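What follows is one structure encoded as structure tokens, with my remarks underneath.
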Amino acid sequence: MKHIYNEKKKGAPVFVLLHGTGGTENDLVGLGELLNPEFNILSVRGNVQENGMNRFFKRHGEGKYDWEDLKFRGTELYDFIVEKSKEHDFKLEDVIFVGFSNGSNIAIQLMLEYPESFKRAALFAPLYPADVTKTQDFSHMDVFLSLGKGDPIVPESESERVINLFKDRGADVTTAWVNGHNLTQEVALEARNWLNESINNDA
């Protein structure tokens, strides 16, 4: 998978940056730097093309996921992260997912499929339009969710579904609301404050 690996400090946490539809591995690097300039960065480009735009999995229309492809691409991305963790000597528990829109959505897929592997995520404009019946244990997870009021892509009921997906499994969830389907400077700073607190609680 096309990607950037930027090591700042051996043994530091690793941001796994996952862009939105039409993005590239360069899109969220600035956000990673803002969240913590000392953390390492693994920024990945989605492998799927939709009308010339990069995505992490296929869909049949807005909010209509190709669930089979999502499962396949989730496994592919997980295997890639594991491969990079061996190559660059970091632990999966030190991964912090940072996703926007489509990138947030595949991050949720990985957390559902491999709950024991990950513990932190900052997800902006997520959408996971399914009732998940399996009750994974997320009690070790700390999650920041940025959600949209009046989001043309994600109805507020779907944002609530994502919140409950994490809360019902015991995750520590922090929420912030923006207008529309956006990632603003203000909410990025809120995510930075959340991350600092989360890391300090571990210290």
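The values are calculated or read from the model by the stated rules, or taken from the named source; none is laboratory data. Given the structure is predicted, the values throughout are model-derived calculations rather than measurements. For neighbour counting, all protein chains shown are included, and Cβ atoms are generated from backbone atoms with ideal geometry for every residue, glycine included. Ligands, DNA and RNA are stripped out before the accessible areas are found, and what is left, the full protein with its side chains, is counted by its heavy atoms. Shrake-Rupley method; radii C 1.70, N 1.55, O 1.52, S 1.80 Å.
Miscellaneous remarks
Yes/no per residue for (1) under 16 Å from the mean Cα position of the chain (by Cα); (2) over 19 Å from LEU18 (Cβ atoms):
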| site | (1), (2) |
| --- | --- |
| ASP137 | no, yes |
| ILE153 | no, no |
| GLU156 | no, yes |
| ASP168 | no, yes |
| ALA176 | yes, no |
| ALA188 | yes, no |
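- All conditions in (1) modelled with pLDDT of 95 or more; (2) surrounded by fewer than 14 Cβ atoms within 10 Å (Cβ to Cβ); (3) of a type in the set (D, E, K, R) hold for ASP131, with the sole exception of (1).
- Residue pairs meeting the criteria (Cβ under 7 Å; at least 6 apart or on separate chains; first modelled with pLDDT under 95, in the stretch 165-176; second part of a loop (DSSP other than H, G, I, E, B) and open to solvent by 50 Å² or more (accessible area, probe 1.4 Å)): none
- Just one of (1) under 20 Å from LEU28 (Cα atoms); (2) open to solvent by 10 Å² or more (accessible area, probe 1.4 Å); (3) in contact (Cβ under 8 Å) with a residue 60 or more places away in the chain; (4) of a type outside the set (Gly, Ala, Ser) fails for GLU62. It is (1).
- Looking only at the stretch 157-182, and only at residues there that are open to solvent by 60 Å² or more (accessible area, probe 1.4 Å) and part of a loop (DSSP other than H, G, I, E, B), the one that is nearest to ALA130 (Cα to Cα): ASP168
- Qualifying positions in the stretch 83-103 - open to solvent by less than 20 Å² (accessible area, probe 1.4 Å), over 17 Å from ASP172 (Cα atoms) and touching a Phe, Trp or Tyr at 6+ places or on another chain (Cβ under 6 Å): ASN102
- Between LEU42, LEU34, the distinction of being more than 17 Å from PRO126 (Cβ to Cβ) and out of contact with any strand residue (DSSP E or B) (no Cβ under 9 Å at 6 or more places or on another chain) belongs to LEU34 only.
Yes/no per residue for (1) part of a helix (DSSP H, G or I); (2) more than 27 Å from GLU7 (Cβ to Cβ):
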{"residue": "LYS71", "(1), (2)": "yes, yes"}
{"residue": "GLY74", "(1), (2)": "yes, no"}
{"residue": "ASP79", "(1), (2)": "yes, no"}
{"residue": "GLU83", "(1), (2)": "yes, no"}
{"residue": "LEU110", "(1), (2)": "yes, no"}
{"residue": "GLU116", "(1), (2)": "no, no"}
{"residue": "LEU123", "(1), (2)": "no, no"}
{"residue": "ASP137", "(1), (2)": "no, yes"}
{"residue": "HIS140", "(1), (2)": "no, no"}
